[in-house]
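Worksheet: the structure to be examined is printed underneath.
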Amino acid sequence: VNKIKVGVIGAGILGSLHARVFHEMDDVELVAVADNDASRGTKIGQLYNCDVFTDYNAILDNPEIDAVSVAVPDHVHRKPVIDSLNKGKHVLMEKPLAVNLEDAEAMVEVQRRSGKNLMVNYNNRMALPYANMKAVIDNGSIGIPQQIYAKKLLTIDTPTKDLSWSASTSPIHFASTHDIDMICWFLNYPEVKEVYAVGSKKILKSKGYDTLDGFQAIVKFEGGVSATFESTWILPESCSSRVDGALQIIGDGGILYLDRKEEMVTYVDTIKTNAPRVAMGGIVNNRLQGIQRWSQEEFIASVRENRKPSIDGEMALRTVKICCAIEESIKEEKIVKF
Ligand SMILES: NC(=O)c1ccc[n+]([C@@H]2O[C@H](COP(=O)([O-])OP(=O)(O)OC[C@H]3O[C@@H](n4cnc5c(N)ncnc54)[C@H](O)[C@@H]3O)[C@@H](O)[C@H]2O)c1
């Protein structure tokens, strides 16, 4: 097969994974990577023998490149995504679509006009536990969902060590966005009626990070189904897993649970008990397998087959609307009606 030629914009934690997976896919050629920070790009260039730039326009100006991954911080997705679509590239971008409605709508508008694919990497959907939950719901095994609970709790090293830009996002846009996308997908995108949320800025603010510690929100959908979303990113680093996630879907004919606190494997070292996130993936046959690879495979397949990707900009725009309503409800201390 002819190889699809790709570039990666942003070579941080997630961009490095995108680059690795593209490098490991037989029908893809990783041509170039771009990061403002030259040392990050250079590391990827050395690992995978691709071109390295500090200005992503060098990737977009290469007519041989069919598609790009955009893996830059949450609040700066708009420009590289729009520039890439305008230059005729298909785009796989990191979640969330954006951290405000204006950016999100502008991106979807440009995508529509461009006729190019825009896939948003809500890769949790590719994880076997979540994919199986979707099948259980679609089979009608728990009846019609009525009441939902979704939590995603992260340890404090995410906002204080991993991300230099945590003050420009929040646990809503960074963490619960996955759960909100998931529940909208499970329920086949019902209309939202209203949102009420509370949240606080205390612990992280006192440490110099001006972002929410966490929040709790209730989202009411059409037809009366309601969902509680809860997130925080101030758990101590001594937790066994960096992500404590759970879902509970109560239907009129049953109940469905997911508990990701410790995903079957634990080990104890001299510091603490550790629970690696094995449901998300791992190295098998010397390649990174699991959700990130499957998500990138879906993107490449959508480009090859000239069809919509399974997670598109319109879907991600719905999630941004809910996230922004949660933010507004916290700020204005009121119920936000849609
Ligand atoms: N899908 C998932 O499960 C998942 C998990 C974690 C993070 N993410 C998302 O991935 C994105 C990146 O997060 P990260 O953890 O890799 O952050 P990071 O800070 O590790 O990496 C971001 C990189 O982008 C670079 N950058 C910023 N602006 C740029 C520009 N204009 N051109 C080129 N490079 C630029 C930075 O120098 C940095 O190297 C975020 O949107 C985040 O929410 C997704």
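Scanning the range 65-94 for residues that are basic (Lys, Arg), outside any helix (DSSP H, G or I) and surrounded by fewer than 22 Cβ atoms within 10 Å (Cβ to Cβ) gives a single hit, LYS87.
The residues of the range 242-282 that are more than 17 Å from ASN123 (Cα to Cα) and in contact with an Asp or Glu (Cβ under 6 Å, 6 or more places away or on another chain), listed by number, are LYS261, ALA275. Entry remark, the range 1-26: residues being out of contact with any strand residue (DSSP E or B) (no Cβ under 9 Å at 6 or more places or on another chain) and within 15 Å of the ligand (Cβ to nearest atom) number 2 in total. The strands (runs of 3 or more DSSP E) found entirely in the range 188-307 that carry 3 or more residues being of a type outside the set (Gly, Ala, Ser), within 25 Å of ALA71 (Cβ to Cβ) and under 22 Å from the mean Cα position of the chain (by Cα) are 226-235, 287-290.
Look at ASN62 and say whether it is outside any helix (DSSP H, G or I), away from the ligand (no atom under 11 Å from the Cβ) and surrounded by 15 or more Cβ atoms within 10 Å (Cβ to Cβ). Taking the combined requirement at face value, the residue satisfies it.
Within the range 122-137, the presence of at least one residue that is crowded, with 19+ Cβ neighbours inside 10 Å, within 14 Å of the ligand (Cβ to nearest atom), within 18 Å of the chain's Cα centre (by Cα) and more than 30 Å from LYS5 (Cβ to Cβ) is confirmed.
Scanning the range 82-96 for residues that are farther than 19 Å from SER16 by Cβ and near the ligand (Cβ under 10 Å from one of its atoms) yields ASP83, PRO96. Among the residues of the range 27-42, those identified as among the charged types (D, E, K, R), within 12 Å of the ligand (Cβ to nearest atom) and either at pLDDT below 95 or touching a strand residue (DSSP E or B) at 6+ places or on another chain (Cβ under 9 Å) (or both) are ASP35, ARG40.
The values are calculated or read from the model by the stated rules, or taken from the named source; none is laboratory data. A quick note: this is a predicted structure, and the numbers were derived from the prediction, not measured. Cβ: placed from backbone, ideal geometry, glycine included. Neighbour counts: every protein chain shown.
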